[in-house]
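Novice: Questions regarding the structure given below will be posed in turn.
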Amino acid sequence: MDLRERIVGSWDEGRLTQREIAQRYVVSVAMVKKLLQLRRRTQSIAARVRRSRPSLMTPARCRRLAKLVARHPDATLEELRDSLHLTCSVSTIHVALAAMKLTYKKRRSMPASKSART
């Protein structure tokens, strides 16, 4: 916030161009422009609050997922998602499994190699 105030203060003094302000504070010209636009639009230079939506993987769903993986360790991520009746992406299931430190794959179901370990 301090840097934002110094940038805007330099602009308000009227002695420097946007390019000179950017060089002085070692920021991009685009940042100076966007900061001034933000102040014009909202009357504030505070950073915008990023709102994220709540996770679909609630603690109850994570417990169900863990039980499902225990019963079917060879199920694919898509199969796990479909078994939970969720509309989330497959990567959401992957992230949840990684957070719980669970694996969901077995070794490849191929004959053992005679020349290398599998």
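Novice: Once you have the alpha carbon radius of gyration of the range 1-96, what is it after dividing by 2.2 N^0.38 Å, with N set to its residue count? Could the numbers behind the result be given before it?
Specialist: On the way: Rg = 24.1 Å, N = 96, 2.2 N^0.38 = 12.5 Å.
My calculation over the Cα atoms of the range 1-96 gives 1.93.
Novice: If you only keep lysine pairs separated by 8 or more in sequence, or across chains, how many in the chain come under 26 Å at the Cα atoms? Working shown, then result.
Specialist: Numbers: LYS67/LYS101; LYS67/LYS105; LYS67/LYS106; LYS105/LYS114; LYS106/LYS114.
For the chain, qualifying lysine pairs total 5.
Novice: If you don't mind, there's one more thing I want to ask. Over the chain, give the accessible area per residue in Å² for a 1.4 Å probe, as an integer.
Specialist: On the way: 9580 Å² over 118 residues.
Per residue, the chain has an accessible area of 81 Å².
The values are calculated or read from the model by the stated rules, or taken from the named source; none is laboratory data. As the structure is a computational prediction, the values presented were derived from the model and not from experiment. Quick note on the areas: whole protein, heavy atoms, side chains included, nothing else; ligands and nucleic acids left out. Shrake-Rupley method; radii C 1.70, N 1.55, O 1.52, S 1.80 Å.
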